[in-house]
Amino acid sequence: MARTVFSRILHTRWAVRAPIRLYRAGLGFLLGSRMLLLQHRGRSSGEPRFVVLEVSERPTPGTIRVVAGLGPRSQWYRNVLAEPRVLVSTGRRRDVRATAHPLPPDQGAEMLRRYAKDNPAPWSALEPVVTEWAEPLAAEQGEEDWRRVVPVVELRLQS
């Protein structure tokens, strides 16, 4: 299946790593409240790793949900499964301790439906990227709803 332009950008290392420099320079607020920097530990190396993710939902104060839009093989996702203690920087708040919890498939699928309804413009760009890998994985697992195979992580911030 041909990749969309947005998918190509998300698979280009320098493009996805560029926003990390903004956060590390204390300028993450320039990306707005819809983005965050997640610092996690490499599951093999134990070294700090960084990824900038879109905030998909804020169900309660102190709770942020993010999606592994490139699938369960995403390195950051695999790392937080191995070590759920992370640091989150969003807006002007830097290095807030948090714990990452994967959502059950039903809750993750429901969150994706809400996201699509509430954010139609971003979803129109993201949906082809997500379905590119999720539909084949869902079919392989005998899952009727591809949304159930998309990893959604809840970050519970500590005060």
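The values are calculated or read from the model by the stated rules, or taken from the named source; none is laboratory data. This is a predicted model, so every value here is computed, not measured. Quick reminder, even Gly has a Cβ in these numbers, built from the backbone with ideal geometry, and neighbours come from all protein chains shown. To get the accessible areas, we keep the full protein, side chains included, count just its heavy atoms, and leave off ligands, DNA and RNA. Shrake-Rupley method; radii C 1.70, N 1.55, O 1.52, S 1.80 Å.
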Which of the following residues is within 14 Å of the chain's Cα centre (by Cα), loosely packed, with under 15 Cβ neighbours inside 10 Å and either within 19 Å of Glu135 (Cα to Cα) or modelled with pLDDT of 95 or more (or both): Arg73, Arg85?
-> Arg73
Pro102 versus (1) more than 27 Å from Tyr23 (Cβ to Cβ); (2) surrounded by 14 or more Cβ atoms within 10 Å (Cβ to Cβ): which is the lone unmet condition?
-> (1)
Leu112: open to solvent by less than 30 Å² (accessible area, probe 1.4 Å) and in a helix (DSSP H, G or I), yes or no?
-> yes
Arg147 passes all but one of (1) more than 17 Å from Arg73 (Cα to Cα); (2) open to solvent by 20 Å² or more (accessible area, probe 1.4 Å); which number fails?
-> (1)
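Kindly provide the set of residues from the range 18-35 that are under 16 Å from Arg58 (Cβ atoms) and in contact with a helix residue (DSSP H, G or I) (Cβ under 8 Å, 6 or more places away or on another chain), ordered by number. Please lay out each step first, then the result.
Let us first name the residues in the range 18-35 that are under 16 Å from Arg58 (Cβ atoms), namely 31-35.
Result: Leu31, Met35.
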Search the range 26-60 for residues being acidic (Asp, Glu) and at pLDDT 95 or above, and hand back the single one that is surrounded by the most Cβ atoms within 10 Å (Cβ to Cβ).
-> Glu57
Somewhere in the range 95-106, is a residue assigned to a strand (DSSP E or B), modelled with pLDDT of 95 or more, among the small types (Gly, Ala, Ser) and closer than 30 Å to Leu27 by Cβ?
-> yes
When both residues are 6+ apart or on different chains and their Cβ atoms are under 9 Å apart, which pairs have a first residue that lies in the range 44-69 and is without any contact (Cβ under 8 Å) to a residue 40 or more places away in the chain, and a second that is among the small types (Gly, Ala, Ser) and open to solvent by 30 Å² or more (accessible area, probe 1.4 Å)?
-> Ser44/Ala82; Val52/Ala18; Val55/Ser33; Arg58/Ser33
